[in-house]
Amino acid sequence: MALLAQDSAVPCALVALTVFRAPTWACLICFTSYKERTRICQIFAGIQGPELEKCQETFSSAFADLADIEINYDERSHLHDAFTQMTHSLQEIAAAQGSFNIAFPDAAEKMRKVIMKLKGAQACVPPCGFQDVARRFLCYGCYSKACNFPLDCPVQDLTVTRGQQAKFSCTVNFQLPKEEITYSWKFAGGGLRTQDQSYFRDIPRAQGYLARIRPVQPTHSGTFSCSILHDQRPVARLYFFLNGARGAARGGGAARGAGSAPDDVLAPAVTSAPPREEIELQVSFRKVLRWAPKETETLEPWRPSLGELLARPEALTPGNQCLLAALAAVASASATLMVWVFFRWYFKGN
């Protein structure tokens, strides 16, 4: 049977989203193309006619319950494979003269069972951090969504008596990737309590998730910042304000940071514990303390291109898809009009 050829699946999918407005069969649109869905109905009901329209309506209504499905972002490939297998199965049923009234509901029920077995998205853990493990894919709009939290965590205050020891634990309450995690430490001295990165200077030898200052001196008063990086991309930034000139220790709770750890775990320092390396870390701190804070740099406003805007996770929302479809229609009509005017002028001149 000769099938109707389609030029492009993506524009057709956008047009379909625009026409139907509410994506009542959103998962089906996300993981199958308009060309595939049309081919299946053409095998069932023929190339054109009222039976073809009925087939398409039945197809959409069968998957109506899968409109608002949310899955773990990492499970997209598994769901895509399941939909690919489903389209092949429907084509085989159609070629065997089966009924689409039975085939479509059965296929939708099987897909529901597949989705129920997929790993669900983890809950977002406030108050901060880029939590990639909690990223989810939404069939409504066919886009991914991450937790809407800032990278900077709230400043944690720690007061330690002069001459005592201060400990910092750069840990968070959400799950981090298992590989390619690194830590970097910075310091803003002069008793400054801030989250402004322009006031901080790197502490070169501090590279682990635990840091220790011993003994604490008044010159150590200021804010220590720890950045958690995954593959050199920031995941979270923690801040510890240390007042080392007065007061008594608060029991170490504030020093442990997000996700507390017992003292025996906190004991090792980022510089490993040998005295020589510990002295080198103290030298690094003293160099930082002698550094004068630089002025805040002026940031130029971001002027993104169209490609950068479309690359954002939530760019292709239903409203934006309608706008893109409308712009494409206007551009196509304008091009057609210009070609028609040119040929009319050309043949009239000849």
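The values are calculated or read from the model by the stated rules, or taken from the named source; none is laboratory data. Remember, it's a predicted structure, so these values are computed and weren't measured experimentally. In this analysis, Cβ positions are derived from the backbone assuming ideal geometry, glycine residues included, and neighbour counts consider all displayed protein chains. SASA here: full protein model, heavy atoms, side chains in, ligands and nucleic acids out. Shrake-Rupley method; radii C 1.70, N 1.55, O 1.52, S 1.80 Å.
Heavy-atom accessible area for Glu179, with the other protein chains in place and a 1.4 Å probe, reaches approximately 130 Å². Over 26 Å between Cα atoms, which of Lys54/Lys145; Lys117/Lys145; Lys113/Lys178; Lys119/Lys186; Lys110/Lys178; Lys145/Lys186 qualify? Where the Cα-Cα span goes over 26 Å, the pairs concerned are Lys54/Lys145; Lys113/Lys178; Lys119/Lys186; Lys110/Lys178; Lys145/Lys186. Summing Lys and Arg as +1 and Asp and Glu as -1 over all other residues whose Cβ lies under 12 Å from the Cβ of Phe59 gives a net charge of 0.
Between Leu337 and Ser144, the distance separating the two model label sites (each 7 Å from Cα on the Cα→Cβ line) works out to 4.1 nm. log10 I(q)/I(0), Debye, Cα-only region 32-109, no solvent, q = 0.20 Å⁻¹? Here log10 of I(q) over I(0) equals -0.88. Projected label points at Glu53 and Lys113, each 7 Å from Cα along the beta carbon direction, are separated by 3.5 nanometres. Taking all protein chains together and rolling a 1.4 Å probe, Tyr140 ends up with roughly 100 Å² accessible.
Between Arg233 and Cys322, the simple label model (points 7 Å from Cα in the Cβ direction) yields a spacing of 3.2 nm.
Residues whose amide H lies under 5 Å from that of Val125, counting only those 5 or more places away or on a different chain, are absent; hydrogens are built 1.01 Å from N in the peptide plane.
Please express the shape of region 165-241 as an equivalent ellipsoid: the semi-axes are the square roots of 5 times the eigenvalues of the C-alpha gyration tensor, given largest first in whole angstrom. Mind dumping the intermediate values first?
On the way: eigenvalues 100, 36, 22 Å².
Calculated on Cα positions only, the semi-axes equal 22, 13, 11 Å.
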